[in-house]
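Written out below as structure tokens is the structure these notes cover.
The values are calculated or read from the model by the stated rules, or taken from the named source; none is laboratory data. Given the structure is predicted, the values throughout are model-derived calculations rather than measurements. Quick reminder, even Gly has a Cβ in these numbers, built from the backbone with ideal geometry, and neighbours come from all protein chains shown. Keep in mind that these areas ignore ligands, DNA and RNA; they rest on the heavy atoms of the full protein, side chains included. Shrake-Rupley method; radii C 1.70, N 1.55, O 1.52, S 1.80 Å.
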Amino acid sequence: MREESLKTLKGIGDKTERLFQKAGICNLNQLLHYYPRDYDHYAEPVACGAVRAHEKNAVTGCVVLPPEVKSGKHAMTILHLRDETGSLQVNWFHMPFLRSVLKRGSVYVFRGMVSEKQGRKILEQPEIFTPAQYEKLRGKLQPVYALTAGLTSRMVGKAVGQLLEKKELEQEFLPEDIREEYGLCEINYALENIHFPGSGEALKRARNRLAFDEFFLFLLGLFRLREQTGSESNMYPMQAVWKTEDIIENLPFQLTGGQMRVWNEIERDLKGHTRMNRLIQGDVGSGKTILAFLAMVMAKENGYQSALMAPTEVLAAQHFETIRRLLEENRIFDAEPVLLTGSCTAAEKRKIYEKTASGEAKIIVGTHALIQEKVEYARLALVITDEQHRFGVRQRMRLKGKGFEPHVMVMSATPIPRTLAMILYGDLDISVLDELPKKRLPIKNCVVDPSYRPRAYRFMQREIQNGHQIYVICPLVEESQELACEDVISCSRRLREIFPEDVQIGVLYGQMKPQEKTAVMEAFAGNQIQILVSTTVVEVGVDVPNATVILVENAERFGLAQLHQLRGRVGRGDAQSYCIFIQGDGKEETSKRLQILNHSNDGFYIAEEDLKLRGPGDLFGVRQSGLAEFKIADIYRDAELLKAASRAARDLTELDPDLSLPQNCSLKVRLDAYMERQIDDIGL
């Protein structure tokens, strides 16, 4: 492993190093494992009449007349290309110097995105190559990296290229018999070809190896930690209580058959001889929160404490308000609920610590702050986590270190097919909420091309006039030269020009500081922001019943499961809600995929259909599952690899549980480092 500074590479000084650090790359090892998010294929140039709209095209053309320059606010340089197949307009913004660069009579290759305006195709802002320059790139796959301001894919690629020149960067840790059985390439071959693939087949082999590694280490770690958690005996046996029956009876709605079935499973677990470890899977709006509340009341009535942990402060605060309201409505005045997050003042934290340590607080809601060093509990019997895909063994070990082995209930709206969930959540029993409450209106969906955008904006304006709010989702934060996709910054700027001044437009993306993100989400929840332009950071977000429209730009860039999660941001109130998927690539196979969403609001059906459509050979789709543990692997796209890694991990654990055999020494070192890094990542 290389932990040396990036400045050991040529051309990286203090300023460039800071740019890399903003992208989370602080040493050579992190650079090596900063995998491309996509690949740019330098295809054979086509004739003017053969260009395809909404795709990158390379066109060979001779400059017959010098380009014309139009001055003004959006200064534009325009070149007209013509050949025997037709003509093509080429546009550049703010590049008037090209008038003197592009010589009459010279032949160039122009490469860029082709747009279509009023039936006419236009090559926008293309790169310019001589035929000889382009010939060196033709047929190659060039890496495209996720970037921050000031950093380009070329800069990252150049740095990675220097690193790859130092051969044998990593010691092979996967036993040879496993590599042979599952047809996996050597690790250094994989690292080289994931960044600079020699061919499509080389890329496929590299990606399969790295994805297998991620699944394999994850599952080995899961098996090891499960061993360390010790006895599964129920340390906090409970009795059924009448209070939960009263709550169910007094609800303003009737629990669905699915909710009653899952509640009976939870109640049986809490009363049983073994500790509850249960995953509750259900679409957004399927009623997981009321089940969590019933479990917390049962714990409280038995004299125990319970904790509910959410991934963000905003979501934790929302859960707290919901629980406090339900307690008041059901005249439960002795639960002393508290909210503990990183934003609490020192004085507030001291008061909460006292209440949890004494047992006065029976219900504790918060973020990861709940399992930090200073928090002590009196009788913590139940831990519930919302949308923490992998809360479980590591965090339970931390609580065990405090003297607790609580029941664990994990709630997730991610629609993972049962076959995969049983692998990923091998230590948990699985319950599925497969019904939505009857009062929910189904979301109306449409899949459209970019020409629909003006009509969509008019519809959004009408919804805002009716007092509702809008989400707009973009795949990128900032404009990218490599990827022709909508970005949050440009999109928000465009919307501010289109919508009236009294319509407040906010932006949200992952790189913002936590307090900034919280402030934006609180403003949106309070209707101080009418249109929220965001990346997928809202996928797991706050409940805003007033939001009725979500518009997803470049829907082809997301997996169906992730699009379904995003769609779940709306449809939470009584008003009819709508989802508009804008497909930017015009491809027939993309349309086929998106039509599944257009015709179904069932997350589990969508996930299963996605598995059928996107096999392990589909290399170029973007992440679908969003599971934080995996940089390159995706549980949907790589379902078969996940199953193979599960078989390999189980077989190896049965044969050599301590990895003490000589052929497994390197794997043991790698797994130890992996486990240490995982624990560091969650601050334990």
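Go through region 545-601 and count every residue that is on the phi > 0 side of the Ramachandran plot and modelled with pLDDT under 80. Looking only at that region, the number is 1. Picking from residues in region 430-450 that are farther than 14 Å from S577 by Cβ and out of contact with any strand residue (DSSP E or B) (no Cβ under 8 Å at 6 or more places or on another chain), the one that is least open to solvent (accessible area, probe 1.4 Å) is P437. Apart from one condition, M76 fits all of (1) open to solvent by 10 Å² or more (accessible area, probe 1.4 Å); (2) in contact with a Leu (Cβ under 7 Å, 6 or more places away or on another chain); (3) at pLDDT 85 or above; (4) not small (G, A, S); the exception is (2). Checked against the criterion of being at pLDDT below 90, in contact with a Leu (Cβ under 6 Å, 6 or more places away or on another chain) and farther than 21 Å from E301 by Cβ, the candidates R398, R390, R394 yield just one match: R398. With respect to (1) crowded, with 17+ Cβ neighbours inside 10 Å; (2) part of a helix (DSSP H, G or I), the lone exception for Y189 is condition (1). Note on region 148-160: residues that are open to solvent by 50 Å² or more (accessible area, probe 1.4 Å) and touching a residue at least 60 places away in the same chain (Cβ under 8 Å) total 4. When every residue of region 112-130 is checked against the conditions, at least one turns out to be touching a Ser or Thr at 6+ places or on another chain (Cβ under 7 Å) and under 30 Å from Y509 (Cβ atoms).
Annotation note: of Q595, Q515, Q528, Q565, the sole residue that is closer than 20 Å to C491 by Cα, among the polar types (S, T, N, Q) and either touching a helix residue (DSSP H, G or I) at 6+ places or on another chain (Cβ under 9 Å) or in a helix (DSSP H, G or I) (or both) is Q528.
When region 80-115 is limited to residues that are surrounded by 15 or more Cβ atoms within 10 Å (Cβ to Cβ) and touching a helix residue (DSSP H, G or I) at 6+ places or on another chain (Cβ under 8 Å), the one that is modelled with the lowest pLDDT turns out to be D83. With respect to being surrounded by fewer than 16 Cβ atoms within 10 Å (Cβ to Cβ) and either part of a helix (DSSP H, G or I) or touching a Ser or Thr at 6+ places or on another chain (Cβ under 8 Å) (or both), Q576 fits the description.
Would you please name the residue that is nearest to K517 (Cα to Cα), looking only at residues in region 342-358 that are surrounded by fewer than 14 Cβ atoms within 10 Å (Cβ to Cβ) and of a type in the set (A, V, I, L, M)? The extreme case among them is A346. Check off (1) modelled with pLDDT of 90 or more; (2) under 14 Å from C48 (Cα atoms) for I128 and give me the number that stays unchecked. Every condition holds for I128 apart from (2). Pairs linking a residue in region 238-255 that is aromatic (F, W, Y) to a residue that is modelled with pLDDT under 90 and exposed (fewer than 11 other Cβ atoms within 10 Å of the Cβ), with Cβ atoms under 9 Å and 6 or more positions apart or on different chains, are F253/K438; F253/K439. Considering each residue of region 371-378 in turn, at least one proves to be buried (at least 20 other Cβ atoms within 10 Å of the Cβ) and at pLDDT below 80. Just one of the listed residues (V284, V262) is β-branched (V, I, T), in a loop (DSSP other than H, G, I, E, B) and surrounded by 14 or more Cβ atoms within 10 Å (Cβ to Cβ), and it is V284.
For the structure I just gave you, tell me whether R205 is part of a helix (DSSP H, G or I), modelled with pLDDT of 95 or more, under 21 Å from K631 (Cα atoms) and open to solvent by 10 Å² or more (accessible area, probe 1.4 Å). So R205 passes the test.
Yes/no per residue for (1) assigned to a loop (DSSP other than H, G, I, E, B); (2) farther than 27 Å from I596 by Cβ; (3) among the polar types (S, T, N, Q):
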| site | (1), (2), (3) |
| --- | --- |
| S490 | no, yes, yes |
| V507 | no, yes, no |
| V533 | no, no, no |
| A561 | no, no, no |
| V570 | yes, no, no |
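Within the span defined as region 5-14, every residue fails to be part of a helix (DSSP H, G or I), in contact with a strand residue (DSSP E or B) (Cβ under 7 Å, 6 or more places away or on another chain) and charged (D, E, K, R).
In region 64-181, counting only strands (runs of 3 or more DSSP E) that sit wholly within it, the ones holding 1 or more residues that are polar (S, T, N, Q) span 76-83, 86-93, 107-117, 120-129, 141-144. Could you tell me whether any residue of region 119-126 is in contact (Cβ under 8 Å) with a residue 24 or more places away in the chain, closer than 27 Å to Y39 by Cα, open to solvent by 80 Å² or more (accessible area, probe 1.4 Å) and not acidic (D, E)? Looking through region 119-126, at least one residue is in contact (Cβ under 8 Å) with a residue 24 or more places away in the chain, closer than 27 Å to Y39 by Cα, open to solvent by 80 Å² or more (accessible area, probe 1.4 Å) and not acidic (D, E).
Residues in region 37-54 that are crowded, with 16+ Cβ neighbours inside 10 Å and touching a Leu at 6+ places or on another chain (Cβ under 9 Å): R37, D38, Y39, D40, Y42, C48, V51.
Every listed requirement among (1) surrounded by 16 or more Cβ atoms within 10 Å (Cβ to Cβ); (2) acidic (D, E); (3) farther than 30 Å from K140 by Cα is met by D246 save one, (1). Pairing residues of region 79-95 that are within 18 Å of G119 (Cβ to Cβ) with residues that are polar (S, T, N, Q) and at pLDDT below 85, at Cβ distances under 6 Å and at least 6 apart in sequence or on separate chains, gives no pairs at all.
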